[in-house]
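Peer 1: First the structure, which I've put down as structure tokens, then a few questions once you've had a look.
The values are calculated or read from the model by the stated rules, or taken from the named source; none is laboratory data. Since the structure is predicted, the reported quantities are computational estimates derived from the model, not experimental observations. All Cβ positions, even for glycine, are placed from backbone atoms using ideal geometry, and neighbour counts span all protein chains on display. The accessibility values were calculated without ligands, DNA or RNA, using every heavy atom of the protein model including side chains. Shrake-Rupley method; radii C 1.70, N 1.55, O 1.52, S 1.80 Å.
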Amino acid sequence: LVKGGGVRAGGFPTISIKANRFAIKDGDETQALMTPPAAPGQPALPMGCLEVVVVDANPALSHTYYEDEWVEGENKEPNCRSANGVTPDADVATKQAAVCAICPKYAWGSAISKLSGKPVRACHDSKQLAILSAGDLAYKMLGLQIKAGSLGNWGKYIQALSGRGYGVSTLVTNVTFDQTSNGVLQFTFNRFLTEAE
């Protein structure tokens, strides 16, 4: 990864994970993240591991509801969203309920997963992170959204760090894809930040 406004998606460039490939999405422009060729004449390959520093995280799970099926890469706004996981954001025109806990779209079974065929929520959970590239801490802040399928992996990682007394912002985290699933991220410890960093 070589290239603020809070931790809400949309405030700054974000990391896309479409088709298990990392890219930086900045407005309408998307730049694939590639690993330089290992030797002259060889092709660059898609970057398989991001080395990042998690600078901040929304303490709450964000909620996002799309009435129509959401397609990755589309820039359409969700029908309803909540950054705090408690109430819809103030600027949402089509609030589905006054509070998320009683919203019918946030109830289990309000949708059926197209992948598993099992009941799920029509309104999806995610965790919003603000990250920096470990290779260039002076580069601009980037947003990373951890979607529902990756939340368990994120929780286990944070729990493992907390159990040892480490804060996630004091170290470099490797972000990789689960090769058996589409869009599922894994998180592992890389190294501690130096005092200068």
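Peer 1: Through the Karplus equation 6.51 cos²θ - 1.76 cosθ + 1.60, θ set to phi - 60°, convert the phi angles of the stretch 50-56 into ³J(HN,Hα) values in whole Hz; use x for Gly and Pro.
Peer 2: Values per residue, Gly and Pro as x: 9, 9, 10, 10, 7, 7, 7 Hz.
Peer 1: Would you please name the GluC sites (Glu not before Pro) within the stretch 45-123 that are DSSP coil residues with at most 12 other C-beta atoms within 10 Å of their C-beta? Mind dumping the intermediate values first?
Peer 2: Working: sites: Glu51, Glu67, Glu69, Glu72, Glu74; in loops: Glu67, Glu69, Glu72, Glu74.
For GluC sites (Glu not before Pro) across the stretch 45-123 that sit outside H, G, I, E and B with at most 12 neighbouring Cβ atoms in 10 Å, the list reads Glu67, Glu69, Glu72, Glu74.
Peer 1: Using a simple charge model, +1 on the beta-carbon of Lys and Arg, -1 on the beta-carbon of Asp and Glu, nothing else, what dipole does the chain show about its Cα centre, in debye to the nearest 20? Intermediate values should be presented prior to the final figure.
Peer 2: Details: 18 positive and 18 negative charges, 111 e Å.
Roughly 540 debye for the chain.
Peer 1: Can you give me the accessible area per residue for the chain, using a 1.4 Å probe, in Å²?
Peer 2: 57
Peer 1: Stretch Asp125-Ala32 to full length: gain in nm at 0.36 nm per residue minus the Cα-Cα span?
Peer 2: 30.9 nm
Peer 1: Using modelled amide H (1.01 Å from N, peptide plane; none on Pro or chain starts), what sits under 5 Å from the amide H of Ser181, excluding residues fewer than 5 places away?
Peer 2: For Ser181, whose amide H was placed from the backbone, there are no distant partners under 5 Å.
Peer 1: Ordering Lys76, Lys114 by how much accessible area each has at a 1.4 Å probe, largest first, what is the list?
Peer 2: Lys114, Lys76
Peer 1: If you don't mind, there's one more thing I want to ask. Between Thr94 and Asp56, how many nm apart are label points set 7 Å from Cα along the C-beta direction?
Peer 2: 3.0
Peer 1: Can you compute log10 of I(q)/I(0) for the stretch 103-192 with the Debye formula, treating each Cα as one identical point scatterer, at q = 0.11, 0.14 Å⁻¹?
Peer 2: Those come out to -0.41, -0.63, one per q.
Peer 1: Please list Ser113, Ser133 in order of solvent-accessible area, largest first, computed with a 1.4 Å probe with all protein chains present. Each step should come with its number before you reach the end.
Peer 2: Numbers: Ser113 30, Ser133 0 Å².
Ranking Ser113, Ser133 by accessible area, largest first, yields Ser113, Ser133.
Peer 1: Based on the alpha-carbon set only, what is the convex hull volume of the chain divided per residue, in Å³? Could you put the intermediate results ahead of the total?
Peer 2: On the way: hull volume 29.2 nm³, N = 197.
Normalising the Cα hull of the chain by residue number yields 148 Å³.
Peer 1: Once you list every other residue whose beta carbon is under 14 Å from the beta carbon of Val120, what net charge do they have if Lys and Arg are +1 and Asp and Glu are -1?
Peer 2: Details: positive: Lys105, Lys114, Lys118, Arg121, Lys147; negative: Glu69, Asp125.
Net local charge, Val120 excluded: +3.
Peer 1: Listed here are the pairs Lys25/Lys95; Lys127/Lys156; Lys76/Lys118; Lys25/Lys127; which of them are more than 23 Å apart at the Cα?
Peer 2: Over 23 Å Cα-Cα: Lys25/Lys95; Lys76/Lys118.
Peer 1: Then there is this: Could you order peptides 15-24, 85-94, 40-49 by the average number of other Cβ atoms within 10 Å of their residues, highest first?
Peer 2: Peptide ranking by packing, descending: 15-24, 85-94, 40-49.
Peer 1: Which loop-located chymotrypsin sites (Phe, Trp or Tyr not before Pro) does the stretch 23-85 contain, where loop means any DSSP state but H, G, I, E or B and the Cβ has at most 15 other Cβ atoms within 10 Å? Intermediate values should be presented prior to the final figure.
Peer 2: On the way: sites: Tyr65, Tyr66, Trp70; in loops: Tyr66, Trp70.
Answer by residue number: Trp70.
Peer 1: A further question follows. DSSP loop (so not H, G, I, E, B), at most 16 other Cβ within 10 Å: list which trypsin sites (Lys or Arg not before Pro) in the stretch 135-197 pass both filters.
Peer 2: Filter output for the stretch 135-197: Lys140, Arg164.
Peer 1: Per the helix-only calculation at 222 nm, which mean residue ellipticity applies to the chain, given -39500 (n - 2.57) for every DSSP H run of n ≥ 4 and division by its residues, nearest 500 deg cm²/dmol? Write down the numbers at each step before the final one.
Peer 2: Numbers: 1 runs with 16 residues, N = 197.
After summing the helix terms and dividing by the residues of the chain, the value is -2500 deg cm²/dmol.
Peer 1: Say each of Lys156 and Asp68 gets a label point 7 Å from the Cα, pointing the same way as Cα to Cβ; how far apart are those two points in nm?
Peer 2: 3.7
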